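So the structure is just underneath, and the comments pick up after that.
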Amino acid sequence: MSKLDIGAGAPDFTLLNQHGVPVQLRELLGTKNVVLYFYPKDASPRCTTEARAFRDAYKSFAAADTVVVGISSDSVRSHQRFATQEDLPFLLLSDPKSDVRELYGVGRMLGIVPERVTYVIDRNGIVRHVYAAQLAAARHVSEARHAVEGLSAP
């Protein structure tokens, strides 16, 4: 399984968000860029650090016409608790069978722990940046912010 390359088209998908509402990637694109970040587990220490960092930077992403979306295999209910507990203003999508994780080439470390990977997708659905680092959770936000700054307005 290999991660999507920069310049590749982002595969479309539909998953349920933390409110149980279906979200389709192509409906987010067109007028917005998308930061799509895959993370291992709701409420784990590093994942909480990463989510808080995205929360704290959320206004800067919104100002750059960018939607932030987190994906893990946790349930809708788990996402709802996590989003409420951490006051997350962005979407968390449930990928219980890891279908989208596999579609995007996001594997598992040592075959066990889901990898932490962030994709920046422009409004045309093209992958413009990929960042993978299991332990540097908060760095995903700065990497994504820098990549979004480099995208031109419509």
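List the lysines whose alpha-carbon lies under 25 Å from that of Lys3, not counting same-chain residues fewer than 8 positions away?
Partners within reach: Lys32, Lys41, Lys97.
Expected output is a single nm value to one decimal: the length gained when fully extending between Gln85 and Glu149, i.e. 0.36 nm times separation in residues minus the C-alpha distance. What is it?
Numbers: separation 64, 0.36 × 64 = 23.04 nm, distance 2.94 nm.
20.1 nm is the gain from fully extending Gln85 to Glu149.
So if each residue of separation counts as 0.36 nm, and I subtract the Cα-Cα distance between His19 and Ile6, what length gain in nm does that give?
Working: separation 13, 0.36 × 13 = 4.68 nm, distance 3.12 nm.
Length gained between His19 and Ile6: 1.6 nm.
Rg and Dmax of the chain, Cα atoms, in Å?
13.9, 41
Once you have the alpha carbon radius of gyration of region 63-154, what is it after dividing by 2.2 N^0.38 Å, with N set to its residue count?
So the Cα radius of gyration is 1.13 times the expected 2.2 N^0.38 Å.
For Glu27 and Lys41 in the same chain, what is the full-extension length gain: residue separation times 0.36 nm, less their Cα-Cα distance, in nm?
Values: separation 14, 0.36 × 14 = 5.04 nm, distance 2.55 nm.
Computed gain between Glu27 and Lys41 is 2.5 nm.
Each reported figure results from applying straightforward, stated rules to the coordinates on display, with no laboratory input. Values in this document were obtained by computation on a predicted structure and should not be read as measured data.
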